[in-house]
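Contents: one structure, followed by commentary.
The values are calculated or read from the model by the stated rules, or taken from the named source; none is laboratory data. Quick caveat, the model's predicted, so the values are computed rather than measured. Heads up, the Cβs are rebuilt from the backbone with ideal geometry, glycines too, and the neighbour counts pull from every protein chain shown.
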Amino acid sequence: MNRHAFSFGLVVVATTCLSLFYTEAGFGQTNPEQGHDMGRMEETGAADIATGKMIYRMTCIHCHGSKGRGDGAAAIFIGPYSHPRPNDFTAGIFKFRSTESGQLPMLEDLMRTIREGIPGFMPSFRNLGEERIRQVSLYIAREFIQKELPTQTTIKYVEHVGPYTYSVESVVRGKEVYKRLGCFACHGLDGRGTGISLKDKRGLPIKPVDLTRQETFGNGTSHEDIYRTIMTGLDGTPMPGFSSQFKGKEESAWDLVHYILSRQGR
Amino acid sequence: MRPVSCRWNRNEILCGLFLGVIMITLFPSSCFAIPAFARKYDLSCTSCHTNPPRLNAFGEAFHMAGFQIPTVQEGETKKKRNIGRVWSETDFLNIFSFRANGNLVESFQGSNPDETNLTFPRDLEIYLAGTYTDEISYFIELDREAGAVQGIPGGFFEERSEFGIGKEFFLMVDLQPLLKAPYAKSGETMPGMAHGEGGGGGIMFMGPMVMIGKIDPSTNFSYPTNRQVILNIPGRVDSGILQRFGLTPYAFASKFFGVKTADGNSVEVTKEVLYNTPGDFGIDLHAMMGNLLLQGGAMQGLQAGNRDVNSKKDPYLMARLNFGQEAYTSGSISGLINWGNDTAMVDTSLVNWLRYGFSGNLKYKYLDLYGAFIWDTIRNLPVGISSPFDRTANGFTIEGDYLATDRLLLSIRYDQLSAGGFISQKADGKAIAAQARFYMRDNFSFYLRDSYNLEGVGTNALRNFRNFVALGVDFDF
C-alpha cells in the first residue's frame, strides 16, 4: 500500500468513525429528562416544549449555548471585550422585564425580547410566529430558568392617554425629572451618554445609551418601551429601576419619557 | 530595485478614493463580509463572524439556511428600520454590498528583481445577495481584479485586469419543502425540524440545499477557501513567463508543475483549484443532520469556467462534523474526496486527478485555529511523456487568528507544499506569514503583513522572493 492510499484510507476511516461515535454517544444533544417539573410548567404540553427545544437548538444555541449559560460558540464575538453578551438564563438576571428589578421576567417578557430582538445584537424572530415564540420561551423557562415565572407585575403601567400624553409642558417637566433623578450622571447633560466608564455584572465595559439615538435602545423604542425601561431598569447593567421613585406619580415617568423622546426629535 | 510602479490608472484610483471616503463618511454602521445582511437584520457584523470574513457558528447556520435566520424563513417579507428605503418593496441597501481590499504598498525582497509597488487594492467586489423567496436565495458577485495571473496555451501566463462575474454567482434552493413528508415521523411542526418518537429528542435537519452557478464548494469545508484573513499574494508575469508564483494556502493549490487545463491553458502551481477553487461553475448539494453536514456535487472542470471542455465533470463528496456549543467553544472536522475526470492535461494527454484530504477548525474565545491537509494524485498518466513526472503531491496549511483587543487582530499562517509534476521543474515550498490588522472603524481596517519564504531564494518561480512586506486596506460597505 503506498503512502497516498494509506493517507486516503485514514481520512475516510477517521471521519466515518468519529461521525458514528459522535452520533451514537449523543454529544451535542441535551437530555430531554433534564427538565424539572415546576408547577405551571407541568401543565404545558410536552409537544410545545419539544418544539421550543428544537427551535432553541437550531437557532438560539449558537449564542446562548447548549446549557443556556450565554456561552455559545458565537457568544463572545457579540461584544468582543465589551458589553453585551448573550444572556445567561441560569443566572436568573434578566435585562428586559416588565417586573420589578431583581425579579424574574414574565413569560410575555421573554416572548417580547424574542419577538423584537435587540438592535445590533439579536435578530427579531417576529416571523417565527406567536405560537412558536411562546414554545421556545416555555422551553427556556423550563430548561434553564427552572423556576416559575411571575404572571403579573407590581409596577403600574398607565396608558399613554389623557393626562399622560405628549405636550411641551410635559417635556419641560421631564427635563427637571432627568436632573432630579441624576440620569445625567451616566447619560450626560445632553443625553449622549458620553464621559463615563461603567461595567456590567460580568465586569465588561458598558457605555450608557445615547438617548438621542433610538437605534441604541435595546429594550425597544416605543413610548411604552421607554416607560417600561425606566420603571424596571436593566438588571445586570448599571441602569437601575425607578419604579419606587414613580410610585403614585406615574405622570412624572411619562414626563421623563417625553423629554427623552424630545431629545430624539420625536 | 525596480522603480515604484502603479497598476491602476489615475482615474481609477481617484474614483475609488472618492467612493471610499463617501462611504466611510456616510455609512459608518456597515461592516465586513456581507454588510447587507447586517443592515437587513439590524445586527453587528460579529453576530455572524468571528473575524470577518471568518464565520462563527451562527453565521454558518445562517449560510446553511440560505442567508436566513434558521427556523425563520422569511424571504424578503421582513422589513426593518434601515438607512433608507430605495425601492418600494425591497430595500436595495439590504441586498447590496461593496468591498475593496488589497495592498497599498508591497515590497518583495530577495527576489530577482527586488520590487516595491505602490498600488491600489486589487480586488473591488460588488455583491447582490439575499432571499428571493423563502426557499430561493441568490448571491451575485461582480468583481474587478487587477493583475490576476491567468494561464494561456503554450506553457505561458499573462496578467489580466478584468471586470465581470466574480468568484461566486449562484442560486441556492432549499429542497426541504419537497422532502417534508419523509421527515414527519411523529408530527413535524416546522421546516428544518423532525421530531423523533416521543418528541424532543429528534434530529434536526437543514436543507438539503442546492447551489447552482459559479460556486465555491468549499464554503462548507472546515477551512473555506474564500474566507482568508491573510490575503493571497498575486504572482508576477513578465513576457509570458511566470517570474513569481502567487502565495496562497498551499493545501488548496494545484501543486503540479507542468499540468494544464483540459483545453491546454497553463495552471499556476499555487492556484487554488478543484474543490478548493475560490469559485467555478458547478452544482452543489448539501444537507445538515444534527451535527453532521454532508455535501456532494460536481464541478465543470479544472479552471474550466463556463467552457464545456470536460464532458465528464468533477464530482466530490465532503463530510463535516461539528462539535462544541458551549463554553465559548466550537469546531469541526471535515473529510473530502474529489475526482477530477479527464480534468487536466499532461503533455497532450488528458489525465484524471484524485484529491482528498481533511481540514479542521477550533474556535475558543478569541482564538480561531484552522488548517487543512490535502493530497493530490494524477491518475492514468500516459506512458512516454516528455520527461520524468512525479504524480503525487500534497499541501498543508494552518492558521491561527487571535483578537487581541477589540480593534487588533493578530494572525499567523504556515504553508507547506510538497510539489509534484515534471521533476525538472518542480520545487517544494514553505512559507510563514504574520499579520496585524487594525480596525479603524467597523468597516475599515489597515493591515501590516510579512510573508517569509522558509525555503530561501532559488531559481524556481516558487522561490524567487525571500521576504514580502505589505501594508494594505480592507474596506467595505
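Residues that are assigned to a loop (DSSP other than H, G, I, E, B), loosely packed, with under 14 Cβ neighbours inside 10 Å and under 24 Å from the mean Cα position of the chain (by Cα) are absent from region A:182-191.
With respect to the conditions (1) modelled with pLDDT of 90 or more; (2) closer than 23 Å to B:T71 by Cβ; (3) part of a loop (DSSP other than H, G, I, E, B), A:H83 falls short on a single one, namely (2). In the set (1) in contact with a Lys or Arg (Cβ under 6 Å, 6 or more places away or on another chain); (2) at pLDDT below 95; (3) over 26 Å from A:D88 (Cα atoms), the condition left unmet by B:D376 is number (2). When each of B:K426, B:K430 is tested for being outside any strand (DSSP E or B) and basic (K, R), the lone residue that passes is B:K426.
Summed over region A:94-131, residues that are in contact with a Gly (Cβ under 6 Å, 6 or more places away or on another chain), under 14 Å from A:G218 (Cβ atoms) and assigned to a loop (DSSP other than H, G, I, E, B) total 3.
Could you look through region B:269-309, keep only residues that are small (G, A, S) and farther than 18 Å from B:Y223 by Cβ, and pick out the one that is farthest from the other protein chains (Cβ to nearest Cβ)? Step by step, filter region B:269-309, then rank; the result is B:G305. Can you find even one residue in region B:283-290 that is at pLDDT 95 or above and either under 14 Å from B:A344 (Cα atoms) or in a loop (DSSP other than H, G, I, E, B) (or both)? Within region B:283-290, none of the residues are at pLDDT 95 or above and either under 14 Å from B:A344 (Cα atoms) or in a loop (DSSP other than H, G, I, E, B) (or both). Scanning region A:45-54 for residues that are surrounded by 22 or more Cβ atoms within 10 Å (Cβ to Cβ) and either assigned to a loop (DSSP other than H, G, I, E, B) or in contact with a strand residue (DSSP E or B) (Cβ under 7 Å, 6 or more places away or on another chain) (or both) yields a count of 1. Only one entry of A:K67, A:K95 meets the criterion of being closer than 18 Å to B:F58 by Cβ and not aliphatic (A, V, I, L, M), and that entry is A:K67.
Residue-wise test of (1) more than 26 Å from B:K430 (Cα to Cα); (2) surrounded by 20 or more Cβ atoms within 10 Å (Cβ to Cβ).
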position: B:I283; (1), (2): yes, no
position: B:M299; (1), (2): yes, yes
position: B:Q325; (1), (2): yes, yes
position: B:N338; (1), (2): no, yes
position: B:V346; (1), (2): no, yes
position: B:N352; (1), (2): yes, no
position: B:Y356; (1), (2): no, yes
position: B:L381; (1), (2): yes, no
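Just one of the listed residues (A:T90, A:T59, A:T51) is facing chain B (nearest Cβ under 9 Å), within 22 Å of A:N219 (Cβ to Cβ) and touching a residue at least 24 places away in the same chain (Cβ under 8 Å), namely A:T59. Is it true that B:V473 is buried (at least 16 other Cβ atoms within 10 Å of the Cβ) and β-branched (V, I, T)? Considered against the rule, which asks whether it is buried (at least 16 other Cβ atoms within 10 Å of the Cβ) and β-branched (V, I, T), B:V473 comes out as yes. Taking region B:427-457, which residues are within 20 Å of B:A393 (Cα to Cα) and over 22 Å from the mean Cα position of the chain (by Cα)? Matches in region B:427-457: B:A427, B:D428, B:N453, B:L454, B:E455.
So, in region B:39-58, of the ones that are without any contact (Cβ under 8 Å) to a residue 24 or more places away in the chain and at the interface with another protein chain (Cβ under 9 Å from one of its Cβ atoms), which residue ends up surrounded by the fewest Cβ atoms within 10 Å (Cβ to Cβ)? Taking the candidates together, the pick is B:H49.
The set of residues from region A:55-73 being more than 13 Å from the chain's Cα centre (by Cα) and assigned to a helix (DSSP H, G or I) comprises A:I55, A:Y56, A:R57, A:M58, A:T59, A:I61, A:H62. Looking at this structure, is A:I78 at the interface with another protein chain (Cβ under 7 Å from one of its Cβ atoms), crowded, with 21+ Cβ neighbours inside 10 Å, of a type in the set (A, V, I, L, M, F, W, C) and more than 19 Å from B:S330 (Cβ to Cβ)? Considered against the rule, which asks whether it is at the interface with another protein chain (Cβ under 7 Å from one of its Cβ atoms), crowded, with 21+ Cβ neighbours inside 10 Å, of a type in the set (A, V, I, L, M, F, W, C) and more than 19 Å from B:S330 (Cβ to Cβ), A:I78 comes out as no. Is there a residue being without any contact (Cβ under 8 Å) to a residue 40 or more places away in the chain, more than 14 Å from chain A (Cβ to nearest Cβ) and β-branched (V, I, T) anywhere in region B:383-390? Yes, region B:383-390 contains at least one residue that is without any contact (Cβ under 8 Å) to a residue 40 or more places away in the chain, more than 14 Å from chain A (Cβ to nearest Cβ) and β-branched (V, I, T). Selection over region A:86-106 of residues that are touching a Phe, Trp or Tyr at 6+ places or on another chain (Cβ under 9 Å) and closer than 30 Å to B:L408 by Cβ gives a count of 3.
Being of a type in the set (S, T, N, Q) and in a loop (DSSP other than H, G, I, E, B) is the filter here; which residues of region B:291-317 pass it? Across region B:291-317, the qualifying residues are B:N291, B:Q300, B:Q303, B:N306, B:N310, B:S311.
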